[in-house]
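Right, one structure below, let's go through it.
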Amino acid sequence: MLFPPRCPFCDRILFHSPFFPPEPVCGECLGRQEYVREPVCQKCGKPIEDEREEYCYDCSRKNFAYDQGKALWVYKDGVRDSLYRFKYQNRREYAGYYARELARSYSGWIRRREISAIVPIPLSRRRQRQRGFNQAELVARRIGRELGIPVYSHLLLRIRDTRAQKELNDEERKNNLKRAFKTSVNKVQLDHILLIDDIYTTGSTMNEAAKMLKQAGADRIYCLSISIGRGY
């Protein structure tokens, strides 16, 4: 009664009886989110318009260190608002719903990639102190529990307090993240790693994180995000 569950998209309280658990999303918001569906870029997972194309515009002209990426929803409208509240208004409870939907949509893909570890994209110490939590870590831990895969929250460290990527253009994003990450061990003895983040835009964050993990010995790196922009 003191902390009733809320719809992750409109944030309204989900009313329920003592005998039935509440639905995770209110009736007005259910089905309004745009799930990522084929055709998608075979590298980053962005939705693309032409099913004859294999890669989106970004992936056709860049080389990324990660092997493949997937995402749950297109970043717009209610999804955008939900993620804003999750990160900046302390709606940590949303993490459970995000993780369940990610596991429901991509558990088969994750198992076929033989993922041996899940690693969240880290925040800088300053930003984590300000926010009180790392949103990617909350989701990663829930997915790990759903699928029985260990989560290594401290394997990857952010050693530079970079600017928010949304404030920068493509070239600035790339330079902003150079040498921003390092691994906490000299040798990563994990073959197939799944990186978790909330939003995928140009892929600069995932790319730099994957690069560091591969330099430390990881074999294959896959990426999974809650939301993603469109590819063209």
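Which of the lysines could a cross-linker bridge to Lys214, judged by Cα under 24 Å and excluding same-chain residues fewer than eight apart? In chain and number order, the partners are Lys43, Lys46, Lys62, Lys70, Lys174, Lys178, Lys182, Lys187.
Each residue, Arg126 and Leu30, gets one label point 7 Å from its Cα in the Cβ direction; the gap between the two is 4.5 nm. Ordering Tyr97, Ile199, Ala216 by Cα displacement along the dipole of the chain toward the positive end leaves Ala216 in first place; charges were set at the Cβ atoms of Lys, Arg (+1) and Asp, Glu (-1). Across the chain, the relative contact order, built from alpha-carbon pairs under 8 Å that are at least six residues apart, equals 23 percent. This structure gives Cα extents along the principal axes in Å, computed directly, and of [x] 53, 43, 36; [y] 62, 38, 31; [z] 48, 40, 37 that value is listed as [x].
How do 130-141, 200-211 rank on mean C-beta neighbours within 10 Å, highest first?
Working: 130-141: 18.9, 200-211: 23.1.
Top of the packing list down: 200-211, 130-141.
Calculated accessible area for the chain comes out at 55 Å² per residue, all protein chains present (probe 1.4 Å; ligands, DNA, RNA ignored). Note on region 35-108: dipole from Cβ charges, positive end direction compared against Tyr66, Ser82, Pro39; the farthest Cα belongs to Ser82.
According to the square roots a ≥ b ≥ c of the eigenvalues of the Cα gyration tensor, what is the shape class of region 176-225, taking rounded for a/c under 1.5, prolate for a/b larger than b/c otherwise, and oblate for the remainder?
Numbers: a/c = 2.40, a/b = 1.36, b/c = 1.77.
Oblate is the answer for region 176-225, as a/c is 1.5 or above yet b/c matches or exceeds a/b.
In plain terms, the chain from Lys182 to Glu49 could stretch by 44.2 nm, reckoned as 0.36 nm per residue minus the Cα-Cα distance.
Using a 1.4 angstrom probe on heavy atoms only, work out the carbon and sulfur share of the accessible area of the chain in %. Provide the component values of the computation, followed by the final result.
Numbers: 5900 of 12690 Å².
Whole-percent figure for carbon plus sulfur exposure: 47.
The values are calculated or read from the model by the stated rules, or taken from the named source; none is laboratory data. Given the structure is predicted, the values throughout are model-derived calculations rather than measurements. Methodologically, a virtual Cβ is constructed for each residue, glycine included, from the backbone with ideal geometry; neighbour enumeration extends over all protein chains shown. Side chains included, ligands, DNA and RNA excluded: accessible areas come from the protein's heavy atoms. Shrake-Rupley method; radii C 1.70, N 1.55, O 1.52, S 1.80 Å.
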